[in-house]
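Here the structure is laid out as structure tokens; the discussion comes afterwards.
The values are calculated or read from the model by the stated rules, or taken from the named source; none is laboratory data. From a predicted model like this one, the values you see are computed outputs, not experimental measurements. Ideal geometry is used to build each Cβ from the backbone, glycine not excepted, and the neighbour counts take in all protein chains shown. In case anyone asks, the SASA skips ligands and DNA or RNA and just uses the protein heavy atoms, side chains included. Shrake-Rupley method; radii C 1.70, N 1.55, O 1.52, S 1.80 Å.
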Amino acid sequence: MAFRRRAKSYPLFSQEFLIHNHADIGFCLVLCVLIALMFEATAKTAFLFILPQYNISVPAADGELVHYRYGLKDLITILFYIFIAIILHMVLQDYVLDKINRRLHLSKVKHSKFNESGQLVAFHLTSMIWCLYVVVTEGYLSNPRSWWENYPHVFLPFQVKFFYLCQLAYWLHALPELYFQKVRKEEIPRHLRYISLYLIHIAGAYLLNLTRLGLILLLLQYFAEFLFHMARLFYFTDENNEKLFNAWAVVFVVTRLFTLTLFVLVVGFGLARLENQAFDPEKGNFNTLLSRMCVLSLVCPFQAWMMWHFIRFQLRRWREYRNEQSARQRAAALTKQQSKPVKRESGYHENGVVKAENGTSPRTKKLKSP
């Protein structure tokens, strides 16, 4: 499967070959895993890549439920879905975003930002719908007390664990995509910053068994990010369209307040009231005062930093808008002043002196002495 028709051929495994054929390489690897499922000798190994591992049967009222724990074999599954994410990234780029870019005729800088926002809009929308479905079907949204009760939440339903594995795979795939998409050097630190923050927060919730709280916070965060990147897409098509930015600003502030409130409520108060306060990594219990303080000291300052950065951005944008408006008013006043007709004396002017109709200078009237 080739995602593009390329006129040039590159040496095998050279830099140009990897950049232009990375999706094809990923597709071949994924295809090999799928073919391995067809043979009994290799099917067991292939399932390590496709399905979550560490399944455990948990007794329930209506029978047995299959739940999952996390372990090192999750890295194999994450690796497989990294290649899936690379393929989907290239499909969206080639068949949707590139076609839109050709019609919009964007500049090189806007072209790069449009591709970034287009990819993230698709990801955030998909993750937001998926996350909402999980929290509703598992009852986390209707029962907020379940976010901290019966901690540690070691045994995860299939859809919860699979959601976290896919989230980690997507954000890990974004790292090599910086190389494959030839992102500019000055843009790389910004990309690395938000990719690392997502990975730290998602992996932290997964490893510390705070998956229920993590789902709620991801739902809020992805909704705010979806609005932001949608606003950027509309702005690139029409620079006068900034209404979605105003909606995003409101949602961003509300999201930060809800995130801080929920995190303090669950970690600071909910987990503190539980009887099980022992540090036991083997059982997945990290509910100690020191652990809670470390988590709060990492999350709360980060949310405050995001809020401060947002306020500075809005103030700078407001100042630029005010300067632009004042410049427009001055230009309009100057144009209006220049358009007024200038009253001249009879005759015509020559070198600053008024001449009569016959070309002679008019005589000045003599004042009579008193």
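Tabulated data for the structure shown
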item: Cut-off under 5 Å, modelled amide H: who pairs with Leu274 long-range; result: none
item: Radius 12 Å from Cβ of Glu242, net charge of other residues (Lys, Arg +1; Asp, Glu -1); result: +1
item: Total charge dipole magnitude, region 208-279, about the Cα centre, Cβ charges on Lys, Arg, Asp, Glu only, Debye to nearest 20; result: 260 debye
item: Sorted peptide list for 27-34, 190-197, 164-171, criterion being average Cβ within 10 angstrom, highest first; result: 164-171, 27-34, 190-197
item: Largest to smallest accessible area among Phe39, Phe123 [probe 1.4 Å]; result: Phe39, Phe123
item: Residue-span extension gain [Phe158 to Arg317] - 0.36 nm each, minus C-alpha spacing; result: 52.7 nm
item: Cα gyration tensor, region 160-211 - rounded (a/c under 1.5), prolate or oblate; result: oblate
item: 14 Å beta-carbon shell around Ile50, net charge (K/R +1, D/E -1); result: +2
item: Exposure of His105 as accessible area (Å², to 10), given a probe of 1.4 Å and all protein chains; result: 150 Å²
item: GNM flexibility winner over the chain from Glu149, Glu242, Glu320 (Cα, springs under 10 Å); result: Glu320
item: Heavy atoms of Asp280 accessible to a 1.4 Å probe, total area in Å² rounded to 10; result: 40 Å²
item: Length released on extending from Ala278 to Glu324, taking residue separation times 0.36 nm less the Cα-Cα span; result: 10.6 nm
item: Protein accessible area in the chain, 1.4 Å probe - carbon and sulfur %; result: 64 percent
item: Average accessible surface area per residue within the chain, 1.4 Å rolling probe, Å²; result: 64 Å²
item: Charge dipole magnitude, Cβ of K and R +1, D and E -1 - region 115-237, Cα centre, debye nearest 20; result: 180 debye
item: Segment Ser291-Ser107, extension gain: residue separation times 0.36 nm, minus the distance between their alpha carbons; result: 61.4 nm
item: Accessible surface of Ser112 - all protein chains present, 1.4 Å probe, nearest 10 Å²; result: 60 Å²
item: Under 5 Å, built H, 5+ apart or other chain: amide partners of Tyr68; result: Ile56, Leu156
item: Under Karplus coefficients 6.51, -1.76 and 1.60, residue-wise ³J(HN,Hα) of region 79-95 in Hz, glycine/proline x; result: 4, 4, 6, 5, 5, 4, 5, 5, 5, 5, 4, 6, 4, 5, 5, 6, 9
item: Calculated FRET efficiency for the pair Cys300/Lys336, C-beta based, R₀ 51 Å, to 0.05; result: 0.40
item: Net charge, Tyr68 excluded, C-beta distance under 15 Å - Lys, Arg +1, Asp, Glu -1; result: +1
item: Using alpha carbons only: equivalent-ellipsoid semi-axes of the chain, gyration tensor based, whole Å; result: 62, 31, 15
item: Within the chain: Cβ-based charge dipole about Cα centre, in debye rounded to nearest 20 (Lys, Arg +1; Asp, Glu -1); result: 3020 debye
